[in-house]
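These notes are about the structure you will find just below.
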Amino acid sequence: MDVAHPVIAFENLEKTFGTLKVLQGISGQVYGGEVVAVIGSSGCGKSTLLRCFNRLEQVNGGKLLVNGHDLTNPALDLNQLRTEVGMVFQQFNLFPHMTVLDNLTLAPRQVLNHTLSDSQAAARRYLDKVGLLAKAESYPDQLSGGQKQRVAIARSLCMNPQIMLFDEPTSALDPELVGEVLQVMQTLAAEGMTMVIVTHEMAFARDCADRIFFLNQGRIEEEGPARQVINHPQSERLQAFLRRMSFAA
Ligand code: ADP
Ligand code: MG
């Protein structure tokens with residue numbers, strides 16, 4: 001991890017929806033090669049924070065720099081940003097009428113102008129990486145939830161991103177399929193990918209993340225090295241949250 005160079009830096013970040021102030025002036029950094037897990041109760045602003053990082057949401061105040069881009073700049077090139085910042089959602093978002101391979105080659109061809117054969121070669125490489133090369137010609141409906149999510153991660157990797165954002169990537173999965181997705185994410189982390197992961201998997205956050213942000217009502221209530229935050233929570237709210245997750249230290 002390169003502590004001299006945050007790849008995501010935010011300061012006094014504010015996001016409102018109408019009269020609802022969802023992010024209440026929060027500050028933080030994510031460093032190159034770092035894995036940050038974002039935890040907190042439903043509705044506390046985790047997805048909103050993550051969505052600000054690739055401009056799915058536009059911030060209302062404060063500063064936000066991502067991979068050298070000023071995200072408050074209205075003239076920002078969104079295609080460029082989203083090439084550099086991949087996102088994986090709870091609900092996979094694969095195109096059902098397209099094969100796995102076509103799902104993976106679509107954006108590289110349309111956005112990066114890669115040739116069909118180049119994009120297919122890259123897609124097969126990433127499918128192999130997530131253990132699904134044999135499913136290249138399958139349709140999403142023919143896959144399990146865990147396999148769909150691994151395909152979605154491979155699709156994101158096909159854009160060669162510098163940063164990967166994950167919004168509860170295992171929340172829609174049957175419990176026995178969670179492990180295979182976490183395994184793929186663990187591999188990416190070990191390879192040095194910069195990742196921000198919203199998750200309710202406390203053991204994974206503790207063991208895979210470098211740091212944890214605990215969000216409460218639009219503020220970072222507690223932040224620190226993953227093991228310390230999970231094993232020695234300081235604030236009452238984090239202690240109560242971990243108890244609710246059946247994860248009291
Ligand atoms: P979390 O991911 O932590 O569960 P969210 O970031 O999704 O929380 O939501 C935080 C708050 O913002 C919630 O109260 C939610 O209802 C509200 N919210 C999120 N997106 C929108 C939106 N597009 N319009 C209005 N309110 C929203
Ligand atoms: Mg959410």
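So, in region 185-205, how many residues would count as being over 13 Å from the mean Cα position of the chain (by Cα), surrounded by 20 or more Cβ atoms within 10 Å (Cβ to Cβ) and more than 16 Å from ligand 1 (Cβ to nearest atom)? The number of residues fulfilling the criteria is 1. Residues being hydroxyl-bearing (Ser, Thr, Tyr) and within 16 Å of ligand 2 (Cβ to nearest atom) are entirely absent from region 178-198.
Do you know which of the residues in region 9-59 that are in contact with a Phe, Trp or Tyr (Cβ under 7 Å, 6 or more places away or on another chain) and not aliphatic (A, V, I, L, M) is farthest from ligand 2 (Cβ to nearest atom)? Top of the filtered list is Ser27. With the requirement that a residue be closer than 26 Å to Gly33 by Cβ and of a type in the set (Ser, Thr, Tyr), what does region 116-171 give you? Those that are closer than 26 Å to Gly33 by Cβ and of a type in the set (Ser, Thr, Tyr): Tyr126, Ser156, Thr170, Ser171. Counting only strands (runs of 3 or more DSSP E) that sit completely within region 142-228, those holding 2 or more residues that are closer than 23 Å to Ala107 by Cα correspond to 163-167, 194-198.
Only residues that are under 28 Å from Asn54 (Cα atoms), touching a strand residue (DSSP E or B) at 6+ places or on another chain (Cβ under 6 Å) and away from ligand 1 (no atom under 15 Å from the Cβ) were counted across region 226-249, and they come to 2.
Which residues, taken from region 18-46, are among the aliphatic types (A, V, I, L, M) and either touching a helix residue (DSSP H, G or I) at 6+ places or on another chain (Cβ under 7 Å) or surrounded by 17 or more Cβ atoms within 10 Å (Cβ to Cβ) (or both)? Correct list: Val22, Leu23, Ile26, Val30, Val35, Val36, Ala37, Val38, Ile39.
For region 151-184, name all the residues that are touching a Leu at 6+ places or on another chain (Cβ under 7 Å) and within 16 Å of ligand 1 (Cβ to nearest atom). The answer is Leu165, Asp167, Thr170. Within region 230-243, the set of residues being out of contact with any Lys or Arg (no Cβ under 8 Å at 6 or more places or on another chain), of a type outside the set (Ser, Thr, Tyr) and touching a residue at least 12 places away in the same chain (Cβ under 8 Å) comprises His232, Pro233, Gln234, Arg237, Leu238, Phe241, Leu242. Quick check on Val7: is it in a strand (DSSP E or B) and within 20 Å of Ser156 (Cα to Cα)? Answer is yes for this residue. Among residues of region 15-31 being of a type in the set (Val, Ile, Thr) and in a strand (DSSP E or B), the one that is nearest to ligand 1 (Cβ to nearest atom) is Val22.
With respect to being away from ligand 1 (no atom under 16 Å from the Cβ), modelled with pLDDT of 95 or more and among the polar types (S, T, N, Q), Asn67 fits the description.
In region 36-55, the residues that are within 7 Å of ligand 1 (Cβ to nearest atom) form Cβ pairs under 6 Å with partners that are part of a helix (DSSP H, G or I), at six or more places apart or across chains, as follows: Gly40/Lys46.
Of everything listed in (1) within 16 Å of ligand 1 (Cβ to nearest atom); (2) surrounded by fewer than 22 Cβ atoms within 10 Å (Cβ to Cβ), the single unmet condition for Asp210 is (1).
The values are calculated or read from the model by the stated rules, or taken from the named source; none is laboratory data. Just so it is clear, the model here is predicted, and its values are computed rather than measured. Note that we place each Cβ from the backbone using ideal geometry, even for glycine, and neighbour counts take in every protein chain shown.
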